[in-house]
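Undergrad: This structure is in structure tokens; I'll ask about it shortly.
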Amino acid sequence: MSVPLASAFPLTGTLDQLKKQNAEWARRMEERYPGFFAWTSKAQHPRVLWIGCSDSRVPESVIMNCFPGQIFTHRNIAGIVKLDDPNSMSVITYAVAELGVEHIVVVGHTNCGGAAVCLAEDAHDKMHAFNPQKAAHEYAPKDARETVTWPPPAPLDTWLADLRALAESLPEPRSVLELVKANVREQVLNVINSDVVRSHWYTPTGKGHLKGVHGWLYQLDNGLIQDLECSVYASSPHPFPHGHPLSESVHEA
């Protein structure tokens, strides 16, 4: 029997509902996999670092059908990696240098609000990225346009400045989908240019187990992952072969 999404969480008692669902989930997990929590409490051994957007519709362990402990995660608005951001760099450093992950995946998603706010009003798919205003409900935004048009309120304007610049560099007509894809490729480039990744490839001279950095797109309308084919591998992290989606960016960097 299908459950209407609108009734999944009541407007009141949301936190109580979450706690009930947690208790039920923990009970079912222990019943199906006896000793699961005792085992996972001792250590974590993820092979993948997931760098993605904070969007509530893209929970990595759920959409990849994974168990707790399989994916190490960093999420923020629009899935951005900044080389001068201690948060991003701390996550990558811990994942690569301490946990020894084998792969890093940068994952964008369709209808990304962080990307959409960076585009002009004439982008044909821009408004699909925002919730329709629900003025009748207490959780509606007081000013629906404040996170729809540029500039968004601080500190979002600072965080998204590089993405805004990337949007303006794209050929017209521009779209949210194309900006999301371009952003994923840009963040893959940032990841491989970080000092810790450069020194932790799984190579004779590398110190880590990192085999590849990849760019994916999660499609909200069907739940599937699309490989954007911009992977970089330990066997040849630099330079990119001719025709690689990141080759021009590397030569410009």
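Laboratory data are not the source of any read-out in this text; all were calculated from the coordinates shown. Bear in mind the structure is a predicted one, so any value in this text is a computation, not a measurement. Every residue, glycine as well, gets a Cβ built from its backbone with ideal geometry; the counts of neighbours run over all protein chains shown.
Undergrad: For a 27 Å ceiling on Cα separation, which of these pairs sit above it: Lys82/Lys181; Lys126/Lys211; Lys82/Lys126?
TA: Numbers: Lys82/Lys181 17 Å; Lys126/Lys211 36 Å; Lys82/Lys126 25 Å.
Flagged as over cut-off: Lys126/Lys211.
Undergrad: Extension gain Ala120-Ala161, at 0.36 nm per residue separation less the Cα-Cα distance, in nm? Each step should come with its number before you reach the end.
TA: Details: separation 41, 0.36 × 41 = 14.76 nm, distance 1.42 nm.
Extending this stretch completely gives an extra 13.3 nm.
Undergrad: Can you list residues whose amide H is under 5 Å from Arg75's amide H, if they're 5+ apart or on another chain and H is modeled 1.01 Å from N?
TA: Residues meeting the criterion, in which the H sits 1.01 Å from N, are Gly52.
Undergrad: Another question about this same structure. Kindly put Cys230, Cys66, Cys112 in sequence by how many other C-beta atoms sit within 10 Å of each C-beta, fewest to most.
TA: Details: Cys230 21, Cys66 14, Cys112 26.
Exposure proxy ranking, most exposed first: Cys66, Cys230, Cys112.
Undergrad: Among Ile63, Ile51, which comes first, then next, by fewest other beta-carbon atoms within 10 Å? Walk me through the intermediate numbers first.
TA: Numbers: Ile63 17, Ile51 29.
Exposure proxy ranking, most exposed first: Ile63, Ile51.
Undergrad: Quick query: amide H of Leu220 versus all other amide H atoms, modeled in the peptide plane; which residues come in under 5 Å with a sequence gap of 5 or more or a different chain?
TA: Answer set, sorted by chain and number: Thr110.
Undergrad: Test of understanding: ordering Trp50, Trp150, Trp25 by Cβ neighbours within 10 Å, fewest first, what list do you get? Each step should come with its number before you reach the end.
TA: Values: Trp50 25, Trp150 14, Trp25 10.
Exposure proxy ranking, most exposed first: Trp25, Trp150, Trp50.
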